[in-house]
């Protein structure tokens with residue numbers, strides 16, 4: 001039997017439509033957790049790295065990746081977990097950063113805090129807590145518009 | 001053999017992760033509640049990595065869950081420090097600070113380990129633990145140099161927990177890195193933090209031992225495991 005293997009470009013395109021379950025505005029590709037996609041015979045191997053060791057979204061993300069690829073007709077999928085080199089927010093795409101801010105989550109910065117309020121864009125921000133509603137976020141607030149907001153932690 | 005050393009790392013994160021989870025819904029402020037739950041989550045995730053590797057290396061057909069839920073207190077290899085009860089928020093945060101400071105030094109050393117799997121886990125987890133130490137350090141300073149009440153509670157927490165510090169730097173062949181070399185960076189960070197927190201480091205370096213070797217755990221561990229393990233032991237085939 002002859003089967004046509006989908007091109008890797010197409011596969012990356014399909015994966016870029018799989019949303020992060022906690023922050024659906026960005027995709028798993030934007031998040032930088034898909035490290036590699038490769039055909040091994042008629043099996044597609046997708047290498048995924050976890051964001052945080054205990055992030056419960058990891059299991060959901062794996063299911064969604066598999067479901068998205070099956071919907072495109074790929075039957076043999078192997079998900080490989082890779083923890084080194086460890087995930088870093090440097091792998092977040094520029095598109096992902098822009099989408100986060102538009103969604104109301106300040107994107108990560110090496111300086112350790114947000115550059116500005118994602119709502120009113122003022123640079124008068126202060127930290128409320130180092131942790132937030134998911135492992136990847138911290139809580140900050142703007143002292144100009146007084147709105148609290150999530151900051152995507154820089155690691 | 002490295003299995004024992006892997007169990008030591010995984011049991012530390014498992015026991016402390018379980019301890020911290022008990023704060024969920026009880027912490028003094030919502031932000032503290034969320035922070036403790038997040039740190040617990042990181043530690044349980046790290047447990048899956050360490051105990052997962054231990055089970056694979058052991059090759060006895062056990063998996064992470066078997067190791068976590070089907071061993072008894074004497075099989076555990078965690079430090080006595082992490083099994084100490086939560087008591088008040090001050091004791092919980094002082095325990096966290098002392099553990100995070102040691103943990104960060106240990107993981108930093110393990111990133112250079114010759115075994116690629118061990119080094120990979122250390123590289124992953126050291127980033128999370130850097131963040132944990134930053135937070136527990138800030139909290140110890142804020143409470144130590146806070147009100148008279150918070151200061152007294154933090155000093156009493158330090159006095160209570162100090163006898164559990166020495167075990168972290170005891171070393172034997174099962175350890176994956178030389179624990180004695182971690183004492184100097186630990187002391188530097190603790191001394192600087194205590195000065196800012198206006199807390200006094202106890203004079204005596206007497207140390208309780210027996211957790212990481214499994215020879216003599218405190219009574220507290222068994223009670224904690226009874227709660228943690230009751231479901232998978234009562235219903236061995238239960239699935240989420």
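The values are calculated or read from the model by the stated rules, or taken from the named source; none is laboratory data. Everything quoted here is computed from the prediction, not taken from an experiment. Glycine also receives a Cβ, built like all others from the backbone with ideal geometry; neighbour counts cover every protein chain displayed.
Within the range B:137-146, how many residues turn out to be in a helix (DSSP H, G or I), more than 10 Å from chain A (Cβ to nearest Cβ) and in contact with a helix residue (DSSP H, G or I) (Cβ under 7 Å, 6 or more places away or on another chain)? Result for the range B:137-146: 5. Kindly indicate whether residue B:227 is at pLDDT 95 or above, closer than 26 Å to residue B:28 by Cβ, loosely packed, with under 13 Cβ neighbours inside 10 Å and in contact with a helix residue (DSSP H, G or I) (Cβ under 9 Å, 6 or more places away or on another chain). It is true that residue B:227 is at pLDDT 95 or above, closer than 26 Å to residue B:28 by Cβ, loosely packed, with under 13 Cβ neighbours inside 10 Å and in contact with a helix residue (DSSP H, G or I) (Cβ under 9 Å, 6 or more places away or on another chain). Return a yes/no flag: does the range A:91-103 have any residue that is closer than 21 Å to residue A:48 by Cβ, modelled with pLDDT of 95 or more and within 14 Å of another protein chain (Cβ to nearest Cβ). Within the range A:91-103, one or more residues are closer than 21 Å to residue A:48 by Cβ, modelled with pLDDT of 95 or more and within 14 Å of another protein chain (Cβ to nearest Cβ).
Does residue B:210 satisfy the criteria of being surrounded by fewer than 16 Cβ atoms within 10 Å (Cβ to Cβ), over 23 Å from residue B:48 (Cα atoms) and under 17 Å from the mean Cα position of the chain (by Cα)? When the stated conditions are applied, residue B:210 passes them. Filter the range B:163-189 for residues that are touching a residue at least 12 places away in the same chain (Cβ under 8 Å), closer than 30 Å to residue B:54 by Cα, part of a helix (DSSP H, G or I) and within 18 Å of the chain's Cα centre (by Cα) and give the result. Correct list: B:163, B:164, B:166, B:167, B:168, B:169, B:179, B:182, B:183, B:185, B:186. Residues in the range A:64-84 that are free of Cβ contacts under 8 Å to residues at least 24 places away in the same chain and within 14 Å of chain B (Cβ to nearest Cβ): A:84 only.
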